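The values are calculated or read from the model by the stated rules, or taken from the named source; none is laboratory data. Nothing here was measured: the structure is a model prediction, and the numbers come from that model. FYI the Cβ positions are ideal-geometry reconstructions off the backbone, even for glycines, and counts take in every protein chain you see.
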Amino acid sequence: MHPAPSIIAFSTFSGLGLGLLFWLGIDPTAPTGWVAFAFFAIAYALAVGGLISSTFHLGRPERAIKAFTQWQTSWLSREAWCAVAALVTMGIYAVLLVFFDTQVSILGWIGAVFALATVYTTSMIYAQLKTVPRWNTVLTSALFIALSIAGGALLSGRVTIGLVLLLVAGGLQALWWKTGDTRFKQSGTDLKTATGLGNIGEVRAFEPPHTGTNYLLNEMVYTVGRKHAQKLRMIALVLMLVVPVLLLLLPYPHIFGLLALISHIAGVLVSRWLFFAEAEHVVGLYYGMR
Amino acid sequence: MTQLPEKTERKMGLVIDLDTCVGCHACVVSCKGWNTENYGAPLSDQDPYGADPSGTFLNRVHSYEVQPESGPAQLIHFPKSCLHCEDAPCVTVCPTGASYKRTEDGIVLVNEKDCIGCGLCAWACPYGARELDKAEGVMKKCTLCVDRIYNENLPEEDRVPACVRTCPSNARHFGDLGDPDSEVSQLVAERGGMDLMPEQGTKPVNKYLPPRPKDRLNEEIDILAPLLAPVVEEPKGFLGWLDKTLEKL
């Protein structure tokens, strides 16, 4: 699948921002005043910035508001609702904390649930697609949620739980890659079922329908980056897991914590790029490609 | 509405005969022509006369080589357009309700005024039947020529999809696949019509007729042949000597 920068940025940064909102929501002694203001400003900048960047890949962004209508069937529509619910609830919670020194825990908990629900709905946009076997698994949702709350823990300065969550997210990432490599084959879809010609003999794409490229090939048969996939996986894992864990074990949590966070974000960006670049859509079969 | 109808009154669709398709691409051209000039946004081209041409098409013809266990390979031309699936995954993923499946005839359509061009429906379709038009920013797909098949301004013989009307080898058939007595349904029953990617669970309405078994050149075709004197005799003279000598080596 084509790794659109707007979508990679959206899912990484809004995931982080929503992860931070989750921790702020469930914190029994949430910060107040200017400290709270700083935390919420970062969380909203990441979450809202990510959501806005996601509209950049739309063909008709001016109609984006219509995406709220089909929540009954569409995960994309459900994501829109959950995001608004999380941002509004946490907004009220934040205003009370920042300006009135008042913590309404129930609001925080509701906001935290919606924040995680938003990450879950984002993951389901991908995990629901039978056409992309690598994504079509519950592990995709588990990975997105683990990365979101691990990043949120780092952002909110929770070292111990952050360490544990980093290890969990790293493990899920490795498992997702490992099982993902065989999922296309397991799906049972190949050129034989795609053409229905398999009972005659071996099928080979002989001639494409056109000499140039097209929307389908640009969007769904992205093969450029797979050459270095294994190296990039290692880079992603080192940046998002190994380096932050080592840095968090050092003293001076503020400086090394910040470096750990930057390294983690860079790692997640690489991993998210691979998430798209490595994903193979079954339509590629018709073109003799994957 | 992106909820799929539980049942449609009719299942209008195409039956494509892989045995008779000659791969002329006339259906591709007539589809592009009709759908550029009529319903919805035109099908744009990008850099059509330049070095890197591309464009939006609702119907494309692939060609596949199939190698049986014995005998020569077969070349099969393979037109592909929207299959108007009963369980259309492209419809349910749409966040705006622009994609829908009609209850009356099962045609899957896009209301272009509601489409935000997110592309998720194209991701959900296993067949590559949907293409986002670059100029218009909205999703385009086969409409089964909904503006032809019910159009009383056209002569009756033209009230079929443009691809069906134009096919010179009669490889494309149009009708109600929900009615077991319809010509298309009988054709499917007779020829063993098949679904593409049945494991994807989309329940396509369009069916493909597999190629008929090929004639074999090496099979006896004349029952009198064994009685005829062989045309090629044992070589004589120099060639006969050469044959025997080489045989001995």
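In this structure, is A:R204 at pLDDT 90 or above and either in the same structural domain as A:Y287 (by TED's automatic domain parsing) or not aromatic (F, W, Y) (or both)? It would help to see each step written out before you state the result.
Details: at pLDDT 90 or above: yes; either in the same structural domain as A:Y287 (by TED's automatic domain parsing) or not aromatic (F, W, Y) (or both): yes.
Yes.
For residues in segment B:213-227 being at pLDDT below 75 and among the hydrophobic types (A, V, I, L, M, F, W, C), which is farthest from B:R191 (Cα to Cα)?
Taking segment B:213-227 as the starting set, the residues that turn out to be at pLDDT below 75 are B:216-223, B:225-226.
If we keep only those that are among the hydrophobic types (A, V, I, L, M, F, W, C) too, we end up with B:217, B:221, B:223, B:225.
Working: B:L217: 24, B:I221: 25, B:I223: 29, B:A225: 33 Å.
In this case the residue turns out to be B:A225.
Name every residue in segment A:185-206 that is surrounded by 20 or more Cβ atoms within 10 Å (Cβ to Cβ), in a strand (DSSP E or B) and touching a residue at least 60 places away in the same chain (Cβ under 8 Å), in order of residue number.
If the condition is that a residue be surrounded by 20 or more Cβ atoms within 10 Å (Cβ to Cβ), in a strand (DSSP E or B) and touching a residue at least 60 places away in the same chain (Cβ under 8 Å), then no residue fits.
Taking into account only those residues within segment A:164-184 that are of a type in the set (D, E, K, R) and surrounded by fewer than 16 Cβ atoms within 10 Å (Cβ to Cβ), which is nearest to the other protein chains (Cβ to nearest Cβ)?
Keep residues of segment A:164-184 that are of a type in the set (D, E, K, R), which gives A:178, A:181, A:183.
Going one step further and asking which of them are surrounded by fewer than 16 Cβ atoms within 10 Å (Cβ to Cβ), we end up with A:178, A:181.
Details: A:K178: 23, A:D181: 20 Å.
Across segment A:164-184, the extreme among qualifying residues is A:D181.
Can B:E69 be described as under 30 Å from B:P213 (Cα atoms), within 10 Å of another protein chain (Cβ to nearest Cβ) and out of contact with any helix residue (DSSP H, G or I) (no Cβ under 7 Å at 6 or more places or on another chain)? Break it down stepwise before answering.
Working: under 30 Å from B:P213 (Cα atoms): yes; within 10 Å of another protein chain (Cβ to nearest Cβ): yes; out of contact with any helix residue (DSSP H, G or I) (no Cβ under 7 Å at 6 or more places or on another chain): yes.
In short, yes.
Quick one: how many residues across segment B:103-124 are more than 7 Å from chain A (Cβ to nearest Cβ) and of a type in the set (A, V, I, L, M, F, W, C)? Can you show your working first?
Applying the first criterion (more than 7 Å from chain A (Cβ to nearest Cβ)) to segment B:103-124 yields B:103-113, B:121.
Of the ones still in play, those that are also of a type in the set (A, V, I, L, M, F, W, C) are B:107-110, B:121.
So the count comes out to 5.
Out of B:Y127, B:Y100, B:Y49, which single residue is at the interface with chain A (Cβ under 9 Å from one of its Cβ atoms) and among the aromatic types (F, W, Y)? Steps first, answer last, please.
Details: B:Y100 fails: at the interface with chain A (Cβ under 9 Å from one of its Cβ atoms); B:Y49 fails: at the interface with chain A (Cβ under 9 Å from one of its Cβ atoms).
Residue meeting the stated conditions: B:Y127.
So which residues in segment B:58-87 are among the small types (G, A, S) and closer than 10 Å to B:A129 by Cβ? Spell out how you get there, then give the answer.
At the first step, the residues of segment B:58-87 found to be among the small types (G, A, S) are B:63, B:70-71, B:73, B:81.
Correct list: B:S81 only.
Just checking, how many residues over segment A:22-76 are within 13 Å of another protein chain (Cβ to nearest Cβ), buried (at least 21 other Cβ atoms within 10 Å of the Cβ), of a type outside the set (G, A, S) and in a helix (DSSP H, G or I)?
Residues that pass the stated criteria total 2.
Pick out the one residue from A:L274, A:L232, A:L247 that is surrounded by 20 or more Cβ atoms within 10 Å (Cβ to Cβ) and under 20 Å from the mean Cα position of the chain (by Cα).
Values: A:L232 fails: surrounded by 20 or more Cβ atoms within 10 Å (Cβ to Cβ); A:L247 fails: under 20 Å from the mean Cα position of the chain (by Cα).
Answer to the check: A:L274.
Only residues that are more than 30 Å from B:C167 (Cβ to Cβ) and of a type in the set (A, V, I, L, M): list them for segment B:99-131, please.
Answer for segment B:99-131, where residues must be more than 30 Å from B:C167 (Cβ to Cβ) and of a type in the set (A, V, I, L, M): B:I116, B:L120.
Which of the following residues is under 25 Å from A:G284 (Cβ atoms) and over 16 Å from the mean Cα position of the chain (by Cα): B:S81, B:S63, B:S44? So that I can check it myself, show each step before the final result.
Numbers: B:S81 fails: over 16 Å from the mean Cα position of the chain (by Cα); B:S63 fails: over 16 Å from the mean Cα position of the chain (by Cα).
After ruling out the rest, the residue left standing is B:S44.
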